[in-house]
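Let me begin by presenting the structure, written as structure tokens, before commenting on it.
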Amino acid sequence: MPTPDHLRAVDIDFSMDSCDVARRLIGVTLLVNGIGGRIVETEAYDQQDPASHTYTGPSVRNAAMFGPPAHVYVYRSYGLHWCMNLVCREAGHGAGVLLRALEPTHGLEAMCERRGLQDPRLLCAGPGRLAQALGVDHSWNHRPVQPPTFALLWNGQAADVLAGSRIGISKAVETPWRFGERGSRYLSRGFGRGA
DNA sequence: TGTTAGATCGCCT
DNA sequence: GGCGATCTAACAT
């Protein structure tokens, strides 16, 4: 399946703050081995942030988050799901962006098979679902986000980005570091007003 | 259409 | 020993 002409490789500066990267990624197409879609929902985490895995400093689990930017941090959630983050800032900062939802555009058949579903709205709506659909698990931890495995593409149009409270956390609940595309049908949850 | 409980395990306290 | 950056199925309404 060839890449549509209007999509071009985009250079995301992962040394920026995780909030900036999280916002910038909305509307960008992420492909893993040619499979994926448009990123419609992200969350930012930082070491200064009580809700972050890195808040209490480096550990075996979160080591990737303290490594160089533009790498993958994968962790197991609730004992059974895998969730994928992209590391931000310089090494040592413990900052990253959690990928929460995609609008599936490439490799629908493969994602349906991995997820055991047909409904495109349920393929990548949520971090655990997204990782499963892309075939990402713990063996992907520490991998660099670069071609040919990873592709970040953009159609040149700025997305209409909403910000809101993050999901599934008990600390720093009020910090509006969740970002999503306004009106997208592929969000894991709505943004209250506007979406 | 909304709410609730169960599954399941690596890491931190 | 307890607790999640979650998902799903099974209820109730």
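The values are calculated or read from the model by the stated rules, or taken from the named source; none is laboratory data. As the structure is a prediction and not an experimental result, all values here were calculated from the model. Here the Cβ positions follow ideal geometry from the backbone for every residue, glycine too, while neighbour counts run over all protein chains shown. Just the protein is used for accessible areas: all its heavy atoms, side chains included, with ligands, DNA and RNA removed. Shrake-Rupley method; radii C 1.70, N 1.55, O 1.52, S 1.80 Å.
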Verdict on A:Tyr73 being within 14 Å of DNA strand B (Cβ to nearest atom) and at positive phi:
no
Would you check which residues across the range A:72-102 are away from DNA strand C (no atom under 13 Å from the Cβ) and either out of contact with any helix residue (DSSP H, G or I) (no Cβ under 8 Å at 6 or more places or on another chain) or over 26 Å from A:Pro176 (Cβ atoms) (or both) and list them?
A:Glu90, A:Ala91
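Inside the range A:149-195, can you point out the residues that are free of Cβ contacts under 8 Å to residues at least 40 places away in the same chain, away from DNA strand B (no atom under 16 Å from the Cβ) and not charged (D, E, K, R)? Before the answer, list the steps.
To start, the set of residues in the range A:149-195 that are free of Cβ contacts under 8 Å to residues at least 40 places away in the same chain comprises A:160, A:162, A:164-165, A:168, A:174, A:176, A:182-183, A:189-195.
Checking the rest, the ones that are also away from DNA strand B (no atom under 16 Å from the Cβ) come to A:160, A:162, A:164-165, A:174, A:176, A:182-183, A:194.
Once the filter is applied, which keeps residues that are free of Cβ contacts under 8 Å to residues at least 40 places away in the same chain, away from DNA strand B (no atom under 16 Å from the Cβ) and not charged (D, E, K, R), the range A:149-195 yields A:Leu162, A:Gly164, A:Ser165, A:Pro176, A:Gly183, A:Gly194.
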Please identify the pairs in which a residue from the range A:34-62 that is under 30 Å from A:Asn155 (Cα atoms) and among the basic types (Lys, Arg) has its Cβ atom under 8 Å from the Cβ atom of a residue that is open to solvent by less than 10 Å² (accessible area, probe 1.4 Å) and assigned to a loop (DSSP other than H, G, I, E, B), counting only partners at least 6 apart or on another chain.
A:Arg38/A:Gly27; A:Arg38/A:Val28
Check A:Ser52, A:Ser15 and return the single one that is touching a Pro at 6+ places or on another chain (Cβ under 6 Å) and polar (S, T, N, Q).
A:Ser15
State the number of residues belonging to the range A:170-188 that are out of contact with any strand residue (DSSP E or B) (no Cβ under 6 Å at 6 or more places or on another chain), within 17 Å of A:Glu41 (Cβ to Cβ) and buried (at least 16 other Cβ atoms within 10 Å of the Cβ).
1
Every listed condition ((1) open to solvent by less than 20 Å² (accessible area, probe 1.4 Å); (2) in contact with a helix residue (DSSP H, G or I) (Cβ under 8 Å, 6 or more places away or on another chain)) holds for A:Arg114 save (1)
Would you tally the residues in the range A:93-107 being open to solvent by less than 10 Å² (accessible area, probe 1.4 Å) and of a type in the set (Val, Ile, Thr)?
1
In this structure, is A:Pro120 modelled with pLDDT of 95 or more, more than 18 Å from A:Ala151 (Cβ to Cβ), away from DNA strand C (no atom under 11 Å from the Cβ) and open to solvent by 10 Å² or more (accessible area, probe 1.4 Å)?
no
Please specify each residue of the range A:108-130 satisfying the condition of being small (Gly, Ala, Ser) and either touching a Gly at 6+ places or on another chain (Cβ under 6 Å) or within 16 Å of DNA strand B (Cβ to nearest atom) (or both).
A:Gly116, A:Ala125, A:Gly126, A:Gly128
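Select, from A:Ala64, A:Ala9, the only residue that is more than 12 Å from A:Leu99 (Cα to Cα), open to solvent by 40 Å² or more (accessible area, probe 1.4 Å), at pLDDT 95 or above and of a type in the set (A, V, I, L, M).
Selected residue: A:Ala9, the only one of A:Ala64, A:Ala9 that is more than 12 Å from A:Leu99 (Cα to Cα), open to solvent by 40 Å² or more (accessible area, probe 1.4 Å), at pLDDT 95 or above and of a type in the set (A, V, I, L, M).
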